[in-house]
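The values are calculated or read from the model by the stated rules, or taken from the named source; none is laboratory data. None of the values given here were measured: they were computed from a predicted structure. Cβ: placed from backbone, ideal geometry, glycine included. Neighbour counts: every protein chain shown. Areas reflect the complete protein model, heavy atoms only, side chains present, ligands, DNA and RNA absent. Shrake-Rupley method; radii C 1.70, N 1.55, O 1.52, S 1.80 Å.
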Amino acid sequence: MFIIKVENLTKHFGSIAAVDGISFEAEKNSIFGFLGPNGAGKTTTINILCTLLSPTSGTATIDGFDCMTHSSEVRKKIGIVFQDTTLDKELTAYENLSFHAYLYGVPKNLHKKKIDSALDFIGLYDRKDDQVKKFSGGMKRRLEVARGIIHEPAVLFLDEPTLGLDPQSRANLWEFISKLPEKSGVTVFMTTHYMEEAEICNRIAIIDKGRIIVNGTPEELKKMVGGDVIYLKTTNNALAASELKKTMGIDSEEKNGELFIQAVKGDACIPKLINSLADMVLSVRLQRPTLNDVFLKLTGKAIRDEAQGSGDELKASIRSYRKKFDKK
Amino acid sequence: MSTNFNAIYVIVARELIKFVREKGKLVSTLARPLIWLFLVGGGMSRMVSPDMGMPYMQFIFPGILGMTILFSSIFSSISIIWDKEFGFMKEMLVAPVSRFSIVVGKALSGTLVSTIQAVIILMLFPVIGLNIGAVQFLLIILMCVGLAFCLASLGILIATFYENFESFSVIMNFIVMPMFFLSGAMYPVKTLPAALGFLTMLNPLTYGIDALKYMVFPAKSGMSLTHDFSLAVDIAVVAVCSAVFVLIAGAMFERKK
Ligand SMILES: Nc1ncnc2c1ncn2[C@@H]1O[C@H](COP(=O)(O)OP(=O)(O)OP(=O)(O)O)[C@@H](O)[C@H]1O
Ligand SMILES: [Mg+2]
């Protein structure tokens, strides 16, 4: 059953078509990912789905309710983590969550239990009475995610949920998010710039300039760019290549003194390779397809690294910091 | 429905928590009415002719209460601009509560905070030689609540049109100072030239201050220089303006871009 349905949605800001006729559906209890470069129209789509913006044309429904004409029903069903933080920094972590619980009509007798367990889960229980302004960016992000699910929404929107998180917190958050559909019956709609992050999605739509250029499962998308690439250095490349062909039926090519192997799930493939080549292996390197690769493949050009909108400097610096991190 | 009451409650509670955490702000907002009461009021009383039947400092006392309420109510709506700038407004706007409860919650926050300040100023009555009984004291507070709600809703209505702090504070200064001077706070409306007198009549603050004059000087209800309208008119205007401001502001919040 589809819980989010979007048909021919467009949104114009003056002459800019931020969203330009997109259609997609997200299945209940799944994770749907929106992958796209800056300015692709991801946030605009989320804003329409969560009733903050009205579309220029087209329809969007959540659990059968139109986001435009039945806003209040839609609002009851959703939780959101916005791209930019929406916490009250003067209030404490507990107070922020408590405000949310009141606003969403969570029964009063459950407030303390729910808030405490949410804070415990994100590892901020012992900081619950600290004002949010004393929190680091990553702590704020985690607090926002906790806030987004405290009222048990049917659909959770996450607009770049890992923005500003260190690699470890990112991994933790992804693990948490990936369990949500099963554990709490939540459908997750998330946006990201990163292919690796999109891996946990059941379906991914790649969006650029307001249009969906492809929509499929992560495996389907990776296949389009040939999946992961493994680089092997061995004591004897020619021998290793024929060995791989013989024992595992894997094709490999020699490039710059390294063997180059394409695989859909590279990480799972490496142990098998090493097993079958015994001690011929000198080094292994795994290269995963990035959004850029998929993008390049589909549009024939690299992702535009356009100037950010004004007031986005902090965001931009966080992003460039993150990009550096990711390249390692 | 109960969600909407919860929303109003929690919006007010949030503002109150922040008000208590920023005690410095209270001192600075109380400074303005005190300066006007004692420096301006005290200084002018030497120049103003004494035919009002009371010292000038007493005459302006209701006006100073009105001023306290005007500044703190209208400026309390700055919290809406902050909420827009820091994104917290989105947290409220996506919540399943009516837009009116957001407006009413914000207006009540402003009302509460400015009534607290007005009461602090009101407690100075013995210092300027006024005699106010307990019932009268309560009536004055009630009127302060009504006026504060009206002005806080006006502030919110204005704030719905602005996204950033700079343009909002410019427009606020353009509105607040003229509202104060054209309100009968410092001089009887009747003594103004016709054109200015007309502007005064468009100003809800005029009626609020006029009503406060009835309550602060009950013995002088017949005096033409202390009152400009009947008390019923004063209260009706304040009530109708409040309702109109809240309704328009609620509609503005509902409107999507
Ligand atoms: N309020 C607005 N007024 C005018 N233009 C806007 C507005 N909001 C978004 N846009 C424009 O719409 C386009 C899509 O913006 P959007 O924020 O949806 O992108 P995004 O995919 O979320 O990008 P990012 O990854 O940078 O967050 C951009 O060209 C942007 O300039
Ligand atoms: Mg965005």
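Considered as a group, the residues in segment A:12-45 that are within 8 Å of ligand 1 (Cβ to nearest atom) and within 14 Å of chain B (Cβ to nearest Cβ) include one that is farthest from B:R99 (Cα to Cα), and that residue is A:I16. Per the conditions (1) touching a residue at least 60 places away in the same chain (Cβ under 8 Å); (2) under 20 Å from A:F34 (Cα atoms), the sole criterion not satisfied by A:P167 is (2).
Residues in segment A:36-43 include at least one that is in contact with a helix residue (DSSP H, G or I) (Cβ under 9 Å, 6 or more places away or on another chain) and not polar (S, T, N, Q). If the condition is being more than 16 Å from ligand 2 (Cβ to nearest atom) and open to solvent by less than 10 Å² (accessible area, probe 1.4 Å), then segment A:182-191 contributes A:V186, A:T187, A:V188.
Taking segment B:17-45 as the region of interest, how many residues are touching an Asp or Glu at 6+ places or on another chain (Cβ under 9 Å) and open to solvent by 60 Å² or more (accessible area, probe 1.4 Å)? The total comes to 2. Hey, can you tell me all the residues within segment A:99-116 that are at the interface with chain B (Cβ under 9 Å from one of its Cβ atoms) and touching a Ser or Thr at 6+ places or on another chain (Cβ under 9 Å)? The answer is A:Y102, A:L103, A:Y104, A:G105. Here A:I200, A:I230 are screened, and the one residue that is touching a helix residue (DSSP H, G or I) at 6+ places or on another chain (Cβ under 6 Å), open to solvent by 10 Å² or more (accessible area, probe 1.4 Å) and more than 16 Å from ligand 2 (Cβ to nearest atom) is A:I200. Among the residues of segment B:95-109, is any open to solvent by less than 20 Å² (accessible area, probe 1.4 Å) and over 17 Å from B:V10 (Cβ atoms)? So far as segment B:95-109 goes, no, none of its residues is open to solvent by less than 20 Å² (accessible area, probe 1.4 Å) and over 17 Å from B:V10 (Cβ atoms).
For segment A:36-65, a residue qualifies if it is within 24 Å of B:E91 (Cα to Cα), more than 16 Å from ligand 2 (Cβ to nearest atom) and of a type in the set (S, T, Y), and the qualifying residues are A:T51, A:S54, A:T56, A:T59, A:T61.
Okay, residues lined up against (1) open to solvent by less than 40 Å² (accessible area, probe 1.4 Å); (2) under 22 Å from B:P96 (Cα atoms); (3) away from ligand 2 (no atom under 16 Å from the Cβ); (4) within 12 Å of another protein chain (Cβ to nearest Cβ):
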site	(1), (2), (3), (4)
A:F135	yes, no, yes, no
A:M139	yes, no, yes, no
A:R142	no, no, yes, no
A:A146	yes, yes, yes, no
A:H151	yes, yes, yes, yes
A:D159	yes, yes, no, yes
A:L163	yes, no, no, no
A:R170	yes, no, yes, no
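Each row is one residue, and each column tells you yes or no for (1) hydroxyl-bearing (S, T, Y); (2) out of contact with any Ser or Thr (no Cβ under 7 Å at 6 or more places or on another chain); (3) open to solvent by less than 70 Å² (accessible area, probe 1.4 Å).
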| residue | (1), (2), (3) |
| --- | --- |
| A:T235 | yes, yes, no |
| A:L244 | no, no, yes |
| A:T247 | yes, no, no |
| A:I250 | no, yes, yes |
| A:I261 | no, no, yes |
| A:D267 | no, yes, no |
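Restrict the check to segment B:15-23 and report whether at least one residue is away from chain A (no Cβ under 12 Å) and in contact (Cβ under 8 Å) with a residue 12 or more places away in the chain. No, there is no match, as no residue in segment B:15-23 is away from chain A (no Cβ under 12 Å) and in contact (Cβ under 8 Å) with a residue 12 or more places away in the chain. Of the residues making up segment A:78-93, at least one is open to solvent by 40 Å² or more (accessible area, probe 1.4 Å) and more than 16 Å from ligand 2 (Cβ to nearest atom). From the list B:F86, B:F75, the one residue that fits, being within 14 Å of chain A (Cβ to nearest Cβ), open to solvent by 10 Å² or more (accessible area, probe 1.4 Å) and of a type outside the set (D, E), is B:F86.
A:G33 meets each of the listed conditions (1) of a type in the set (G, A, S); (2) in a strand (DSSP E or B); (3) open to solvent by 10 Å² or more (accessible area, probe 1.4 Å); (4) within 15 Å of ligand 2 (Cβ to nearest atom) apart from (3). Does A:D66 satisfy the condition of being within 16 Å of ligand 1 (Cβ to nearest atom) and assigned by TED's automatic domain parsing to the domain that holds A:P181? The answer is no for A:D66. When residues in segment A:61-86 are screened for being within 7 Å of chain B (Cβ to nearest Cβ) and either over 20 Å from A:E27 (Cα atoms) or among the polar types (S, T, N, Q) (or both), 5 of them pass. Restrict the check to segment A:46-60 and report whether at least one residue is in contact with an Asp or Glu (Cβ under 9 Å, 6 or more places away or on another chain), open to solvent by less than 50 Å² (accessible area, probe 1.4 Å) and more than 11 Å from chain B (Cβ to nearest Cβ). Yes, there is a match, as at least one residue in segment A:46-60 is in contact with an Asp or Glu (Cβ under 9 Å, 6 or more places away or on another chain), open to solvent by less than 50 Å² (accessible area, probe 1.4 Å) and more than 11 Å from chain B (Cβ to nearest Cβ).
Helices (runs of 4 or more DSSP H) fully within segment A:82-176 that include at least 2 residues being more than 16 Å from B:V10 (Cβ to Cβ) and away from ligand 1 (no atom under 16 Å from the Cβ): A:111-121, A:137-149.
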